[in-house]
Amino acid sequence: MANTKFPETEKTDSFVTLKIKEFRFYLGMRFFFTFAYQMQAVIIGFHIYKITNDPLSLGLVGLCEAIPAIGIALYGGYVADKTEKRGLLIKVFCGVFLCSLVMLLATSNYMHQYILGSYVVPIMYTMVFGIGIARGFFSPATFSIMAQIVPRELYPNATTWNSSSWQFASIIGPAVGGLIYGFYGITTTYFVIIFFIAVALGCIFFLKKHEPRFIPTTNIMDSLSEGIKFVFKTRMMVWAMSLDLFSVFFGGAVALLPVFAHDILKVGAEGLGYMRAASSAGAVITMLVMTRYSPMNKPWRNLLIAVTGFGTSIICYGLSKNYYLTLCLLFMEGSFDSISVIIRSTIMQLLTPDEMRGRVSAVNSMFIGSSNEIGAFESGLTAKLMRTVPAVVFGGSMTIAIAGVTWFKTKKMLKLNLEDINTQKA
């Protein structure tokens, strides 16, 4: 892999990638879709828990999305590599739009009370499953298209803005979703969600067509195995994916926020929205700071520190009985998580060849993209077996333990800088 230099002018210009018009529309697509997606996530969890009063039902929401996302991920990456990216994104967004429309109809008062009754929850699970299928194509397509929009030497800056856009939408999405749901009900909330999915879809039409750089010369199984082999022979990539998979698997306690909001802190849907937003607020503020002060001076060391802080924040959040202290701890959790997101995303972009981005992103999705949903299921299951607070403390403790094991196994990577990582091949 060629050694890319990182000029000082591009390091210090925090807004350099925002000067690229197509990248701005890409960020708009990401922002509005994430805004709608996060609104939907918070109201689905709260609505289902309100109907079932069972914490395991929250874990099942994550499982219903993770199963198809993982199951179709490799094929989604293969399709993203060999397909024009803008057209693929349009199809994906249309699928999500239709699933949200079905949930709008199913959760309306008339359909719920007089026609569907107890079938509402299974229908919601089914539509979440459909969104999981769409996500199996969405992640590889967005990962690939960003690399074609932005020059390679600007990947760190682009990754920071991309993650910041996602996190900022994650701040206001849950808060707005919780407030609209609390004051106006689920039907009005779904109308807002569908509107912003449509806006995100509109942004895609302002992107250029990005033709594939990968032309399959072998059968699909050989093409898929090529991506898998590349990931597993790249040591830093494997460790980064594994660290995220297991830390988020055990640290997915955010899925239990509806239980804390409803049963422990008793702050309702409005309070839940602010709790979801607090974590994202910490993330986006930290990311904006990182556009100026990059964590990539010794990225692997910083990654392990961030994961340890993430696990510590989760333990403290689980033990907190004060609403405002909980908000502060969730803010810290989001802040630490954002540092690890920036570092891992930059490592992925730098180490992945252009012709293999979709397939590598698919493997990454199987490790990372669905770890939140699998972690949500783990949190729901352990809460069912151990009760909510012990489950959260257990998850945070395991996250810290995983960071410790990773530190012990990867000591040689602690001193690497950004240029060192850019030349990594194994």
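Just checking, which of V96, V121 is surrounded by 23 or more Cβ atoms within 10 Å (Cβ to Cβ) and among the hydrophobic types (A, V, I, L, M, F, W, C)? Talk me through it step by step, then tell me what you get.
Numbers: V121 fails: surrounded by 23 or more Cβ atoms within 10 Å (Cβ to Cβ).
Exactly one of V96, V121 is surrounded by 23 or more Cβ atoms within 10 Å (Cβ to Cβ) and among the hydrophobic types (A, V, I, L, M, F, W, C), namely V96.
Residues that are modelled with pLDDT of 75 or more and under 24 Å from Q38 (Cα atoms) occur in segment 380-388; there is at least one.
This table checks each residue for (1) touching a residue at least 40 places away in the same chain (Cβ under 8 Å); (2) farther than 30 Å from G71 by Cβ; (3) surrounded by fewer than 23 Cβ atoms within 10 Å (Cβ to Cβ); (4) among the hydrophobic types (A, V, I, L, M, F, W, C).
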{"residue": "V150", "(1), (2), (3), (4)": "yes, yes, yes, yes"}
{"residue": "F168", "(1), (2), (3), (4)": "yes, yes, yes, yes"}
{"residue": "Y190", "(1), (2), (3), (4)": "yes, no, no, no"}
{"residue": "C203", "(1), (2), (3), (4)": "yes, no, yes, yes"}
{"residue": "F206", "(1), (2), (3), (4)": "yes, yes, yes, yes"}
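The test for being crowded, with 22+ Cβ neighbours inside 10 Å and not polar (S, T, N, Q) holds for G173.
Among the residues of segment 262-275, those that are among the aliphatic types (A, V, I, L, M), in a helix (DSSP H, G or I) and either at pLDDT 80 or above or in contact with a Pro (Cβ under 8 Å, 6 or more places away or on another chain) (or both) comprise I264, L272, M275.
Could you tell me how many of the residues in segment 19-52 are under 21 Å from the mean Cα position of the chain (by Cα) and touching a residue at least 12 places away in the same chain (Cβ under 8 Å)? Steps first, please.
Within segment 19-52, the first condition is being under 21 Å from the mean Cα position of the chain (by Cα), and the residues that meet it are 23-46.
With the extra rule that they be touching a residue at least 12 places away in the same chain (Cβ under 8 Å), the set shrinks to 23, 25-46.
The number of residues fulfilling the criteria is 23.
Residue-wise test of (1) at pLDDT 85 or above; (2) not in a helix (DSSP H, G or I).
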{"position": "N157", "(1), (2)": "no, no"}
{"position": "N162", "(1), (2)": "no, no"}
{"position": "S165", "(1), (2)": "no, no"}
{"position": "S170", "(1), (2)": "no, no"}
{"position": "G178", "(1), (2)": "no, no"}
{"position": "T189", "(1), (2)": "yes, no"}
{"position": "A198", "(1), (2)": "yes, no"}
{"position": "G202", "(1), (2)": "yes, no"}
{"position": "F206", "(1), (2)": "yes, yes"}
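Pairs linking a residue in segment 228-248 that is touching a residue at least 40 places away in the same chain (Cβ under 8 Å) to a residue that is aromatic (F, W, Y), with Cβ atoms under 8 Å and 6 or more positions apart or on different chains, are M236/W300; M241/F367; S242/F367; D244/F367; L245/F367; S247/F310.
Residue check: I368 meets all listed conditions (1) at pLDDT 80 or above; (2) among the hydrophobic types (A, V, I, L, M, F, W, C); (3) surrounded by fewer than 24 Cβ atoms within 10 Å (Cβ to Cβ) but one, namely (1).
Every test in (1) under 13 Å from the mean Cα position of the chain (by Cα); (2) of a type in the set (S, T, N, Q); (3) at pLDDT 80 or above is passed by Q148 save one, and that test is (1). Please work out which residue is modelled with the highest pLDDT, limiting yourself to segment 216-255 and to residues that are over 30 Å from S279 (Cα atoms) and not in a helix (DSSP H, G or I). Looking at residues that are over 30 Å from S279 (Cα atoms) and not in a helix (DSSP H, G or I), I get T234.
Tell me whether segment 92-101 contains one or more residues that are closer than 30 Å to V16 by Cα, in contact with a Leu (Cβ under 6 Å, 6 or more places away or on another chain) and assigned to a helix (DSSP H, G or I).
Let us first name the residues in segment 92-101 that are closer than 30 Å to V16 by Cα, namely 92-93.
Subsequent filtering for residues that are in contact with a Leu (Cβ under 6 Å, 6 or more places away or on another chain) retains 93.
Pick out the ones that are also assigned to a helix (DSSP H, G or I) and you get 93.
Looking for residues that are closer than 30 Å to V16 by Cα, in contact with a Leu (Cβ under 6 Å, 6 or more places away or on another chain) and assigned to a helix (DSSP H, G or I), one finds at least one in segment 92-101, hence yes.
Condition check: at pLDDT below 80, among the basic types (K, R) and not in a helix (DSSP H, G or I). Does R213 satisfy that? In short, yes.
Within segment 65-77, can one find any residue that is of a type outside the set (G, A, S), under 30 Å from D263 (Cβ atoms), surrounded by 21 or more Cβ atoms within 10 Å (Cβ to Cβ) and in contact (Cβ under 8 Å) with a residue 24 or more places away in the chain? Yes, segment 65-77 has at least one match. The residue of segment 326-365 that is nearest to the chain's Cα centre (by Cα), among those that are at pLDDT 70 or above and acidic (D, E), is D337. Residues that are surrounded by fewer than 23 Cβ atoms within 10 Å (Cβ to Cβ), among the charged types (D, E, K, R) and either out of contact with any strand residue (DSSP E or B) (no Cβ under 6 Å at 6 or more places or on another chain) or not in a helix (DSSP H, G or I) (or both) do not occur anywhere in segment 322-337. Within segment 269-301, the residues that satisfy the criterion of being buried (at least 20 other Cβ atoms within 10 Å of the Cβ) and of a type in the set (A, V, I, L, M) are A269, L272, M275, A277, A278, A281, A283, V284, M287, M290, M296.
The values are calculated or read from the model by the stated rules, or taken from the named source; none is laboratory data. These numbers come from a predicted model, not from an experiment. FYI the Cβ positions are ideal-geometry reconstructions off the backbone, even for glycines, and counts take in every protein chain you see.
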